[in-house]
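Chemist: Below you will find the structure I want to go over with you.
The values are calculated or read from the model by the stated rules, or taken from the named source; none is laboratory data. None of the values given here were measured: they were computed from a predicted structure. Cβ: placed from backbone, ideal geometry, glycine included. Neighbour counts: every protein chain shown. The area values use the complete protein model at the heavy-atom level, side chains included, leaving out ligands, DNA and RNA. Shrake-Rupley method; radii C 1.70, N 1.55, O 1.52, S 1.80 Å.
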Amino acid sequence: MAFLEIKNLFVDLKNFKLKNINLKIDKKDYVTIIGPTGSGKSILLETIAGFYKPTKGKILIEQLDISNLPPEKRCISIVYQDFALFPNMNVYENIAYGLKKKEKNSRIIKEEVEKIAEDVGITNLLNRIPNTLSGGEKQRVAIARALVTKPKILLMDEPFSALDVRTKDSLRDLIENIVKKYETTVIHVTHDLDDVFRLANKTIIMKDGEIVQNGYVNEVFSKPLNDFVANFVGANVLKGEIIGKKDGYTLIKIGRFVIRSIDNANVGSKVKVYIRPEEIILSNDLEDSIVCSVEKIKRFNNILWIKLSNDCFTLNAIVTPNITEKRISIGNKIFIKFDPSKVRILEGNGC
Amino acid sequence: MYNKSPFKITLYIFSVLAVISISLPTLNLIFTQLLSYRSLCNFISTILNTEVWNVIALTYLAALTSTTISILLGIPLAYSLERYNFPVKKFIESFADLPTVIPHTVAGIALLSILGNSGLIGKFSPVKFVDSFSGIVAAMFFVSFPIFLNSVREGIAKVDKRLEDVARTLGANDFKAFTTITLPLSMRSIIAGAIVAWARAVSEFGAIVILAYYPLVASTLIYDKYLSEGLNSAEPIAVLLIILTLIIFGVIRIVFWRECNSKG
C-alpha cells in the first residue's frame, strides 16, 4: 500500500495545467522531481501541499483522501528555495510557529525547538532575526521549522539553488542524515542531478505538466523511456539498426560501427540506443573499439567531461582523470568501448 | 568627493524649487502671523477662544472616526483585492479610486444624493447625515478611504504570499496566517496609510461643505470666517490648525516609525 498516492490528478491554473498525474510513493522514500523549467514540478509540489485545488483526481495519504483538505490539515511541510522565513520573528519564533498549534506548554515547545536546533546545527542562532543570517543558516532554520512539526511528508522546492557549492554540499549531508533520523518521506524538486544521485532513491521526470517517467533512480537513469528523458538525464542517444545476434548479444550497426547490447530487439528494426556518458570506456586496444577525436574538454572537481566525435556520431563522455588523461587533449584521437550491459535499446524509434 | 555633474545640479535646482513651492505659502502664513505684533495678538486671542478649540477637536474626532472606519473596512478589502481574483475585481478597483479623481464638491453632491434626507439611505437611516457629525465623518471617509486602501494594498503586495502558504503548512488557518504574518509585515503601510488618510480627512472641505456645513469643522470655520469677517479673522485659525496638525503628524510618525523599525 503506497504511503502517498496520486490518482488521475488534473490541475487547471488557466495559464498552466497539470495533466493526468499518477504517482505512488512509499513511506520514507526520498523522491526527486526533475524536469525543464515550466514543466510543472513546483505546481505539483504545491498541489500536494494544498495551495492549488485539483480540478479532477485524488491525493491520498495512507489511503485518506486529502484533496479537499486545507494545507493546515494535511500534515505536510514545505521548504522553499528562498527560505520563506518569517521576517517579523526571530529564529526561535520561526521554529516554534508550527508547534504552538499542537502544543500549549511553552516548556515542551522550548525543548522541541532546542532539540531540532541542535539536530540542524543552529543552536547559537535562536535569538537572531532572519535577515542577519547567511543563506545556509536560513535554509537550516527553514528545514528545522518544517521538520519540528513531524510532518508526514516534507516538500522541498529547489532548497539548495540559492546556495554556494560548499554550503549546498553540507546541507545535502544534513538533509540526508536528518530525514533518516526523523523517518520523513521527502519530495524534492531540483534542477541539480547531484541532488538526485546523492539523496534520492526514486525520481520523477516531468514535462509540460505531465510525468514522463518515474521510478528508482538507477532505473530511470539507465533505462530512459524516450528521447526526452534520455536527453534530460544526459544520456547519449544514437540511431542505429539491428543487424543480428551473436553470443547472446544484439548487434547494432551505427554508421560503419557495430556495437553490442544485452537488450533484445528484432533484427532489421531501426532503433535508438542510449549510453550514459559515464559508461563510456576509454580503451587502449584497437579491437572492438571505436575511434573518436576529442572536440571539447571541461574539467569539473574530479572528473573530465569530453565531447567526442567521428564521421558517424557525436558523444559526451565523463571520465575520471588518470594516466589516460595525457591522451585527452583537443584534436587527439582516442579509442572508446561500450559495456554491452550498459547499452540500452529502444525499438521503433530509429531513423 | 562631491561631484558637481550637470545632472546633480539640475536635480538640486528642481528639488529646491519643489520644496519652495510646497513650503513657502505655509511658512509665509505662519511667520506673518507670528512675527507682527498685531497678528500675534490676534493669534493669541484665537488660541484662547474655546469655540475654535471645540471646532478643531470636532475636526480631529471626525477624522479619527473616519480613519477608524477606513481601517476596519479597508484592510479586508485591500487583502481581498491583493490576494484573490474574482469577477468584479476590476470594477471594485475603479470605484475605490473614484473619490480621488472627481472634484470633492461632486463627491459631496453624490453623498448628499444618497445620504440626504430624501436619499436612498438617508430616507430610511435612523442616523441623520445632513448637517451632522455623521455627515462630516461620511464625507471625510469618502474622500480619504482610497488613500488608505491603496497604501495598505501596496503593503500587502510586498508580503510574499508564500510566507502565508508556509504558515498554513505549519498548522495556521488562513485567519491566523493573516494576523500573524501578513498583518504585522504590512503594519508600516497600514500606519502610513492611516496617518495620510487622517490628514486628508482633516483637510477635507468640498464634500463636507455640501453634505454637512454644520456643525463647523476647521476647514468650514476658516471658510466661514473668511467670507464673513475677512482674511485677518481666518488666518489665525488656519495657522493654529497647521501647527497642531504638524505636531500631531510628527509625533505619530516618530512614535510609529520607531515601533515599526524596532520590529525589523
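Chemist: Would you call residue A:164 open to solvent by 40 Å² or more (accessible area, probe 1.4 Å), farther than 30 Å from residue B:187 by Cβ and in contact (Cβ under 8 Å) with a residue 60 or more places away in the chain?
Modeler: So residue A:164 does not fit the description; no.
Chemist: Can you tell me which residue within region B:131-153, out of those that are farther than 29 Å from residue B:183 by Cβ and open to solvent by less than 30 Å² (accessible area, probe 1.4 Å), is farthest from the chain's Cα centre (by Cα)?
Modeler: The qualifying residue farthest from the chain's Cα centre (by Cα) is B:132.
Chemist: Oh, and also: Do we find that residue B:40 is touching a residue at least 40 places away in the same chain (Cβ under 8 Å) and touching a Leu at 6+ places or on another chain (Cβ under 8 Å) in this structure? I'd like the intermediate steps shown before the answer.
Modeler: Working: touching a residue at least 40 places away in the same chain (Cβ under 8 Å): no; touching a Leu at 6+ places or on another chain (Cβ under 8 Å): yes.
No: the conditions fail for residue B:40.
Chemist: Quick one: would you say residue B:68 is under 15 Å from the mean Cα position of the chain (by Cα), closer than 30 Å to residue B:186 by Cα and modelled with pLDDT of 90 or more? If you could, list the steps in order and put the result at the bottom.
Modeler: Numbers: under 15 Å from the mean Cα position of the chain (by Cα): yes; closer than 30 Å to residue B:186 by Cα: yes; modelled with pLDDT of 90 or more: yes.
Answer is yes for this residue.
Chemist: Condition check: away from every other protein chain (no Cβ under 14 Å), at pLDDT below 95, open to solvent by 10 Å² or more (accessible area, probe 1.4 Å) and in contact with a Lys or Arg (Cβ under 7 Å, 6 or more places away or on another chain). Does residue B:125 satisfy that? Break it down stepwise before answering.
Modeler: On the way: away from every other protein chain (no Cβ under 14 Å): yes; at pLDDT below 95: yes; open to solvent by 10 Å² or more (accessible area, probe 1.4 Å): yes; in contact with a Lys or Arg (Cβ under 7 Å, 6 or more places away or on another chain): no.
When the stated conditions are applied, residue B:125 does not pass them.
Chemist: Out of region A:47-77, which residues are over 22 Å from the mean Cα position of the chain (by Cα), more than 11 Å from chain B (Cβ to nearest Cβ) and closer than 15 Å to residue A:11 by Cβ?
Modeler: A:53, A:54, A:55, A:56, A:57, A:58, A:66, A:67, A:68, listed by residue number.
Chemist: Please go through (1) among the basic types (Lys, Arg); (2) more than 14 Å from the chain's Cα centre (by Cα); (3) more than 30 Å from residue A:144 (Cα to Cα) for residue B:176 and return the number of the only condition it doesn't satisfy.
Modeler: (3)
Chemist: Please return the ranges of helices (runs of 4 or more DSSP H) entirely within region B:139-214 where 1 or more residues are within 20 Å of residue B:97 (Cβ to Cβ), aliphatic (A, V, I, L, M) and out of contact with any Gly (no Cβ under 6 Å at 6 or more places or on another chain).
Modeler: Numbers: elements: B:161-169, B:174-177, B:187-203, B:206-211.
In region B:139-214, B:187-203 are the helices (runs of 4 or more DSSP H) which contain 1 or more residues that are within 20 Å of residue B:97 (Cβ to Cβ), aliphatic (A, V, I, L, M) and out of contact with any Gly (no Cβ under 6 Å at 6 or more places or on another chain).
Chemist: Could you check region A:182-246 for helices (runs of 4 or more DSSP H) lying wholly inside it with 3 or more residues that are open to solvent by 50 Å² or more (accessible area, probe 1.4 Å)? Give the steps one after another, and end with the answer.
Modeler: Working: elements: A:193-199, A:217-222, A:227-232.
The qualifying helices (runs of 4 or more DSSP H) are A:193-199.
Chemist: Looking only at region B:169-198, count every residue that is surrounded by fewer than 18 Cβ atoms within 10 Å (Cβ to Cβ), among the hydrophobic types (A, V, I, L, M, F, W, C) and more than 10 Å from chain A (Cβ to nearest Cβ) and tell me the total.
Modeler: Of the residues in region B:169-198, 2 are surrounded by fewer than 18 Cβ atoms within 10 Å (Cβ to Cβ), among the hydrophobic types (A, V, I, L, M, F, W, C) and more than 10 Å from chain A (Cβ to nearest Cβ).
Chemist: Another question, if that's okay. How do the pairs read when you match residues in region A:297-311 that are in contact (Cβ under 8 Å) with a residue 12 or more places away in the chain and closer than 14 Å to residue A:277 by Cα with residues anywhere that are of a type in the set (S, T, N, Q) and surrounded by 13 or more Cβ atoms within 10 Å (Cβ to Cβ), using Cβ under 9 Å and keeping only pairs 6 or more apart or on different chains?
Modeler: Note: pairs meeting the criteria are A:305/A:316; A:306/A:316; A:307/A:316; A:308/A:293; A:308/A:316; A:309/A:293.
Chemist: Hey, among A:85, A:44, which residue is within 13 Å of chain B (Cβ to nearest Cβ) and surrounded by 22 or more Cβ atoms within 10 Å (Cβ to Cβ)?
Modeler: Details: A:44 fails: within 13 Å of chain B (Cβ to nearest Cβ).
Answer to the check: A:85.
Chemist: Kindly establish whether residue B:157 is small (Gly, Ala, Ser), open to solvent by 40 Å² or more (accessible area, probe 1.4 Å) and closer than 30 Å to residue A:50 by Cα. Before the answer, list the steps.
Modeler: Working: small (Gly, Ala, Ser): yes; open to solvent by 40 Å² or more (accessible area, probe 1.4 Å): yes; closer than 30 Å to residue A:50 by Cα: yes.
Yes; evaluated as a whole, the condition is true for this residue.
Chemist: Tell me the strands (runs of 3 or more DSSP E) entirely within region A:251-300 that contain at least 3 residues that are open to solvent by 30 Å² or more (accessible area, probe 1.4 Å) and not aliphatic (A, V, I, L, M). Quick ask: steps written out before the conclusion?
Modeler: On the way: elements: A:257-261, A:270-275, A:280-283, A:290-300.
Correct list: A:290-300.
Chemist: Name every residue in region B:202-217 that is within 11 Å of residue B:133 (Cβ to Cβ) and surrounded by fewer than 18 Cβ atoms within 10 Å (Cβ to Cβ), in order of residue number.
Modeler: Listed by number, the residues that qualify are B:214, B:215.
Chemist: Here's a follow-up. Are any residues in region A:145-165 more than 16 Å from residue A:43 (Cα to Cα) and away from chain B (no Cβ under 12 Å), and if so, which ones?
Modeler: Residues satisfying the conditions are A:160, A:161, A:162, A:163, A:164, A:165.
Chemist: Consider residue B:166 against the criteria (1) in contact (Cβ under 8 Å) with a residue 12 or more places away in the chain; (2) surrounded by 20 or more Cβ atoms within 10 Å (Cβ to Cβ); (3) within 14 Å of chain A (Cβ to nearest Cβ): it satisfies all of them except one. Which criterion is unmet?
Modeler: All conditions are met except number (1).
Chemist: Condition check: assigned to a loop (DSSP other than H, G, I, E, B) and modelled with pLDDT of 95 or more. Does residue A:145 satisfy that? Give the derivation first.
Modeler: Numbers: assigned to a loop (DSSP other than H, G, I, E, B): no; modelled with pLDDT of 95 or more: yes.
For residue A:145, the condition - assigned to a loop (DSSP other than H, G, I, E, B) and modelled with pLDDT of 95 or more - is not met.
Chemist: Does residue A:26 satisfy the criteria of being of a type in the set (Asp, Glu) and within 19 Å of the chain's Cα centre (by Cα)? Outline the logic, then answer.
Modeler: On the way: of a type in the set (Asp, Glu): yes; within 19 Å of the chain's Cα centre (by Cα): yes.
It is true that residue A:26 is of a type in the set (Asp, Glu) and within 19 Å of the chain's Cα centre (by Cα).
Chemist: Could you grab me the full set of residues in region A:8-41 that are surrounded by fewer than 21 Cβ atoms within 10 Å (Cβ to Cβ) and part of a strand (DSSP E or B)?
Modeler: A:8, A:10, A:12, A:17, A:19, A:20, A:22, A:23, A:24
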